Amino acid sequence: MADDTDGELRFPFQPDQLFDPPQEFAALRESDPVARVRLPTGYQAWLVTRYDDVRTVLSDQRLSRAATTREGAVRLGPARPEPDSLMAMDPPDHTRLRRLLVPAFSSRRIERLKPRIARTAEALLDVMQETGPPADLVTHLSMPLPIITICELLGVPTADQDSFRAWTDAALTLEPGAGEAVAGARERLADYLRDLVAEKARRPPQDPDSADLLSALISARDDDRLSAAELVTVAGTLITAGYHTVAHSLANSVLALLRHPEQLQPLRGGEQFPAEAVDELLRWTPGPVSGGTIRIATEEFKIGSTVVCPGDGVIPSTASANRDAAVFPEPDRLDLGRTANRHIAFGPGIHHCLGAPLARAELQVALTALLRRFPALRLAVAEGEVVWGKGMIRGVSSLPVAW
């Protein structure tokens with residue numbers, strides 16, 4: 001396992017191969033499923049790797065997200081989470097905010113969004129086709145599609161996409177010593193959103209039913225269901241969460257498909273990319289480096305035979321859980337026809353990703369359009385030349401393709 005000269009297990013782990021999870025996960029699931037690890041920030045935390053334990057941790061209210069915002073709390077990255085962030089709240093505040101946001105991600109609303117996502121994908125592919133092969137799929141499709149989609153959902157002008165991309169790239173870094181850069185990126189994003197909120201408040205939509213999400217949140221603020229600070233932070237959280245995760249999932253999924261031509265061939269040019277194949281790609285492809293978001297114990301309790309004390313940090317690794325052989329037959333094999341797929345890429349419990357329906361829709365629509373437009377899509381470089389990024393969410397930073 002990856003340890004330092006002092007014998008400590010250092011986390012996050014670095015994968016050996018493109019799509020293979022770090023070998024440490026399998027070893028820990030077998031022999032030390034709740035392991036003590038040292039983080040880049042210098043803190044120690046408990047890393048949970050088995051599927052059942054991870055699900056338990058993600059649903060246990062003795063493990064607090066709000067406590068991660070406190071001074072001196074264990075953290076994985078250089079900056080503490082924002083207290084007003086939905087992802088850093090516990091009930092009842094989390095319940096109140098989530099209830100306001102759920103309608104924006106309902107199945108009905110996502111179905112209404114699909115034609116718009118499809119138009120965006122087709123327009124991006126038009127440019128890619130005009131550019132001609134080889135073309136970088138990351139530049140032409142996987143990065144712009146989710147930022148355009150989340151900006152349209154929120155009502156953010158698409159002309160500001162480059163700025164949002166730069167801010168979120170900086171905000172998601174795990175590099176030691178990057179705290180000042182992370183804080184600066186967050187502040188620039190917050191300043192912009194405050195100005196946009198003020199502008200939208202001056203010009204409310206004529207038809208409330210067609211209002212963008214930011215306008216709907218302004219209405220909730222005016223009804224005293226949402227504070228001004230919460231509004232800005234929630235909007236920033238949705239942009240961050242709805243951009244990088246989907247962008248990397250899409251690029252990683254395309255690369256995974258191209259590496260498995262025998263499974264891809266029957267799907268090329270189909271009317272719609274199968275939903276079960278999307279779920280298998282979400283399970284199998286790389287996700288966050290940590291594989292889960294850190295929590296802080298508020299009281300003593302046990303995970304298996306391990307005693308967790310108040311103040312301890314706990315990292316539930318969804319990346320490890322999704323490769324647990326106790327739940328997934330042949331877990332390291334990509335099986336696009338896998339049924340009863342119980343993956344937890346979006347997390348269970350109260351912090352289950354609100355944007356999961358939107359992310360699934362973007363992936364399904366984009367893969368459908370891409371494979372229909374380019375039925376002979378292939379890598380334009382040797383697989384070993386594909387470059388992987390080093391950010392908080394692991395993904396390819398460039399994916400040259402031809403057709």
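General observations
- 222 nm mean residue ellipticity, helices alone, for the chain (DSSP H n ≥ 4; -39,500 (n - 2.57); rounded to 500): -14000 deg cm²/dmol
- The Cβ shell under 14 Å around E199 holds other residues with a net charge of 0, Lys and Arg each +1, Asp and Glu each -1.
- Put a plus charge on the Cβ of each Lys and Arg, a minus charge on the Cβ of each Asp and Glu, and nothing anywhere else: the dipole of the range 74-130 about its Cα centre is then about 320 debye.
- Semi-axis lengths, Å, the chain, gyration tensor of Cα atoms, sqrt of 5 times eigenvalues: 31, 29, 19
- For the range 228-306, the set of GluC sites (Glu not before Pro) satisfying both a DSSP loop assignment and a count of at most 12 other C-beta atoms within 10 Å is given as E271, E299, E300.
- For the chain, relative contact order (Cα pairs under 8 Å, six or more residues apart, normalised by length) works out to 25 percent.
- Accessible surface of the chain [probe 1.4 Å, protein heavy atoms]: carbon and sulfur percent: 50 percent
- Kyte-Doolittle at least -0.5, axis length at least 20 Å by Cα - qualifying DSSP helices, the chain: 179-202, 228-258, 356-373
- Inter-part distance where the range 277-308 and the range 85-107 are each reduced to a Cα centre, Å: 20 Å
- Nonlocal amide H pairs with L9, under 5 Å, H built at 1.01 Å: R38
- Semi-axis lengths, largest first, of the ellipsoid equivalent to the range 149-280 are 34, 22, 12 Å, with √(5λ) applied to each eigenvalue of the Cα gyration tensor.
- Judged by the gyration tensor of its Cα atoms, with axes a ≥ b ≥ c, the range 214-306 is oblate; a/c meets the 1.5 cut and b/c is at least as large as a/b.
- Three-way shape label, the range 276-403, alpha-carbon gyration tensor, a/c 1.5: prolate
- Protein heavy-atom accessible surface, 1.4 Å probe, per residue over the chain: 44 Å².
- Annotation for D222 and E122: the two label points, set 7 Å from Cα along the Cα-Cβ direction, are 3.6 nm apart.
- Simple rule: put +1 on each Lys or Arg Cβ and -1 on each Asp or Glu Cβ in the range 67-134, find the dipole, and look at P78, L101, P134; the Cα lying farthest toward the positive end is L101.
- Remark: relative contact order (the range 123-192) = 20 percent; criterion is Cα-Cα distance under 8 angstrom and separation of 6 or more residues.
- Charge context of P348, other residues only, Cβ under 15 angstrom, K/R +1, D/E -1: +2
- Shape call, the range 341-403: gyration tensor on alpha carbons, a/c limit 1.5: oblate
- Residue-wise HN-Hα coupling along the range 82-91, computed from phi with Karplus coefficients 6.51, -1.76, 1.60 (Hz; x: Gly, Pro): 6, x, 8, 6, 4, 7, 10, 10, 10, x
- FRET efficiency, 1/(1 + (r/R0)^6) with R0 35 Å, evaluated for R333 and C309 via beta carbons: 0.35
- Built amide H within the under 5 Å cut-off of A380, gap 5+: V401, A402
- Net charge contributed by nearby residues that have their C-beta within less than 11 Å of Q364 (K/R +1, D/E -1): -1
The values are calculated or read from the model by the stated rules, or taken from the named source; none is laboratory data. Model, not experiment: these values are computed from the prediction. We place every Cβ from the backbone using ideal geometry, glycine too, and count neighbours over all the protein chains shown. In case anyone asks, the SASA skips ligands and DNA or RNA and just uses the protein heavy atoms, side chains included. Shrake-Rupley method; radii C 1.70, N 1.55, O 1.52, S 1.80 Å.
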